[in-house]
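Every read-out reported here was derived from the displayed coordinates using simple, explicitly stated rules and does not represent laboratory data. Note that the coordinates shown come from a computational prediction; the quantities given were computed from them, not determined experimentally. Note that we place each Cβ from the backbone using ideal geometry, even for glycine, and neighbour counts take in every protein chain shown.
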């Protein structure tokens, strides 16, 4: 006999099942996911309105601003005030040149975003803003708000620039107090110190009703003032930077570095050609972008740190230091009788002075930049041991300058030659090129400036840096930087310093163009062969040699003889720095 439920029993079971399901869902909502739903509910009756923080300013060492936050105008829509969305969209489109569909889409997406105005366009020109303001009564939903935009007074690679957050950056940083419309440091110091410069946003917590209409501030802890970003005082001199930028050639790539050898503070760093960082903030026009990316001299690259070149004869000071430290030569020993070059392995290696320098010792060789003398040293050099010496001098490392890392240098080892040329594919003749700063050796201008700074500073190399100290709310934060010691004895350092002085001031000098009235200048010229064009020109100077304060490095791609263009430029820079007249003659 089959059991059959009555209709009333069936109804009762159905009601009971529904009740159990309801109980289960209530349990899920109140117990299992109670906190989640509570958070959602709370968010539905308040909104957090972020208040921007002032971005910190970068100053030069004389407190002259290198960056500014200049007033700018932005157009917003107040969703609360919209009565006719089509009319508002058409009005904004007509004044800003934005497609109507884009404005309509913006309004629709933010239709429940009634507690704060929505940004339509920033950096609006004054004429457009005035036209919009003239219709403020007719279109109260369209608001003009004054804001700040970053401005750069110098075209300096190391300062960098800010730009709008990219989609990838926002995805990475959305939990870090950033909005989609925010600006962020993209390169240079603006990027290195982004966290400190941007400050901390403040906020107002607004209570809203079910339709997202604002009802006023919440009662407790509903307001926080923004914290301005830190101001940074740099070691650079704005006026000197500008003068050097005007001084360097504009038709080729060039570098000038002025560094305090006692502290490592960079007083000036110029890499030409330059670019205007303001174009990256306010919006790049296509013609300007095409011009800088197609320029063969690569304006976007800071060649002082980001490019490596054959150092030519400025590298001879490294070779001389090694030879003295390994007791390969004596400073006053006549090592060669230069007749314009030497024969080695069936090949002639010429000296730059074709009729020769005659009998030469170490001081003569540095003063007159005799290649033949250094060819003789090459016959005594252990390549791998010399590689270790170059490495210990920090010439091959990526140098961190305020978190901006330089390019690494390169110097070959026997293993490198074996791998790239085969064991029978290279000879000691390769070393003859290396010891005069040619061949495979590549070094950055910054690394050479640091090495020379260490020589004149009794072997101590202070890490190069731009930031001296930071200030916020009258509280000063100082920065300490490490130092390293060159693997060079004091006796060798004294000999090298004497050679630098003679190279500028003694008979037969090659760096006479760098002399400055009343200032004891030392220095070394350099010319590096370039397989793709004219010779690269180098000059590294230090002054005053009786108590060295600064090192000046000048490098000009395809600049010809270092004794001509770069020594003269260094003399002018030293004249600017010490406010003295450069002599500008041999």
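Give me the angle, in degrees from 0 to 90, between the Cα long axis of helix 490-505 and the longest principal axis of the Cα atoms of the chain, rounded to the nearest 10.
That works out to roughly 80 degrees.
Which angle between 0 and 90 degrees, to the nearest 10, do you get for helix 445-456 versus the longest principal axis of the chain when only C-alpha atoms count?
50
What is the Rg over Rh value, at two decimals, for region 469-586, using alpha-carbon atoms and the Kirkwood definition of Rh?
Values: Rg = 17.2 Å, Rh = 15.7 Å.
Taking Rg over the Kirkwood Rh, I get 1.10.
I need the fraction of alpha carbon pairs in region 398-495 separated by more than 21 Å, rounded to a whole percent.
Of all Cα-Cα distances in region 398-495, 55 percent exceed 21 Å.
State the percent of C-alpha pairs, over all pairs in the chain, separated by a distance greater than 32 angstrom.
Pairs farther apart than 32 Å: 59 percent.
Mind checking the angle between helix 565-578 and the chain's longest principal axis? C-alpha axes, 0 to 90 degrees, to the nearest 10.
Tilt relative to the chain: about 70 degrees.
Quick one: compute the contact order of region 288-438, relative version, from alpha carbon pairs under 8 angstrom and 6+ residues apart, as a percent.
Details: 186 pairs, mean separation 38.5, N = 151.
Relative contact order for region 288-438 comes out at 25 percent.
With each label point set 7 Å from Cα along the Cα-Cβ vector, what nm distance links residue 61 and residue 421?
For residue 61 paired with residue 421, the spin-label model returns 4.4 nm.
Give me the one-decimal nm value for the distance between modelled label points at residue 325 and residue 262, 7 Å along each residue's Cα-to-Cβ direction.
In this crude label model, residue 325 to residue 262 measures out at 2.6 nm.
Taking the simple approach of a point 7 Å from Cα along Cα-to-Cβ for both residue 130 and residue 585, what is their distance in nm?
The modelled label-to-label distance comes out at 5.9 nm.
Would you please classify the overall shape of region 356-417 from the alpha carbon gyration tensor, given that a ≥ b ≥ c denote the square roots of the eigenvalues, rounded means a/c under 1.5, and beyond that prolate means a/b larger than b/c while oblate covers the rest?
Details: a/c = 3.41, a/b = 1.74, b/c = 1.95.
Oblate.
Normalising by the residue count of the chain, find the relative contact order in percent from Cα pairs under 8 Å and 6+ residues apart.
Relative contact order comes out at 13 percent.
Between residue 491 and residue 239, 0.36 nm times their residue separation minus their Cα-Cα distance comes to what?
86.9 nm
So how do 451, 578, 386, 374 line up by other beta-carbon neighbours within 10 Å, fewest first?
Exposure proxy ranking, most exposed first: 578, 386, 451, 374.
Out of all Cα-Cα pairs in region 66-147, roughly what percent, to the nearest whole number, are more than 17 Å apart?
Percentage above 17 Å: 42.
Can you sort 450, 192, 136 from fewest to most other Cβ atoms within 10 Å of each residue's own Cβ?
136, 192, 450
Would you mind ranking 67, 282, 476 so that the residue whose beta carbon has the fewest other beta carbons within 10 Å leads the list?
Exposure proxy ranking, most exposed first: 476, 282, 67.
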